[in-house]
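Report on one structure; see the data block that follows.
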């Protein structure tokens, strides 16, 4: 039986918005996403919904081969998951995907992060807060701080995460191509009790 793994993708897309964040954080990666396959065929996060407007954001399925990600640099980390944890991740993301119009980007939470005061808003996340919430809610990682105080760079410090790749995202895709028949589609629906 093959070991199941999930993936965290940390990126720097080089946009004006990420450059502003980078000036504050002084860290190489300022966006976090989560996936459950090594090919990164279905990657989820909270980010911009319109490529040209960073202020319209919410739950998104990201295409890591085009748009803002085309020239991105990245770090890919993996983590072990059980079959039950995999179902929980799928259910958690499916629920958000089905109700994505009810979710928004937690801009206010970013200010809370800056002053080290968690600002949790209903149905609102920023990218690393979302990834940390998935990992916490699905019993994969228990953080010492609330998810709203987790930055993308903090995932690099988690000892149970394994660095799989660091460099240009397009080089990662070159080494992990999608099978021809694979299409970018949402998770198949798997009901599970949470």
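At 7 Å along the Cα-to-beta-carbon direction for both residue 107 and residue 145, put a label point, then send me their distance in nm to one decimal.
2.3 nm
Need one number: nm distance between label points at residue 160 and residue 137, each 7 Å from Cα along Cα→Cβ, rounded to one decimal.
Placing both labels 7 Å along Cα→Cβ, they lie 1.8 nm apart.
Given (1) 9.7; (2) 10.4; (3) 10.9, which label gives mean projected area of the Cα convex hull in nm² as computed from the coordinates?
Correct label, based on the coordinates given: (3).
Could you give the length gained by full extension between residue 25 and residue 170, i.e. 0.36 nm per residue of separation minus their alpha carbon distance, to one decimal place?
On the way: separation 145, 0.36 × 145 = 52.20 nm, distance 2.46 nm.
Extra length available between residue 25 and residue 170 comes to 49.7 nm.
Write down the percent of antiparallel bridges among all DSSP beta bridges whose residues are both part of the chain, to the nearest 5.
Beta bridges within the chain, antiparallel portion: roughly 95 percent.
A short reminder: the numbers here are calculations on the coordinates, not readings from a lab. Just so it is clear, the model here is predicted, and its values are computed rather than measured. Because the Cβ atoms are built from the backbone with ideal geometry, glycine has one as well, and the counts that use them run over all protein chains shown.
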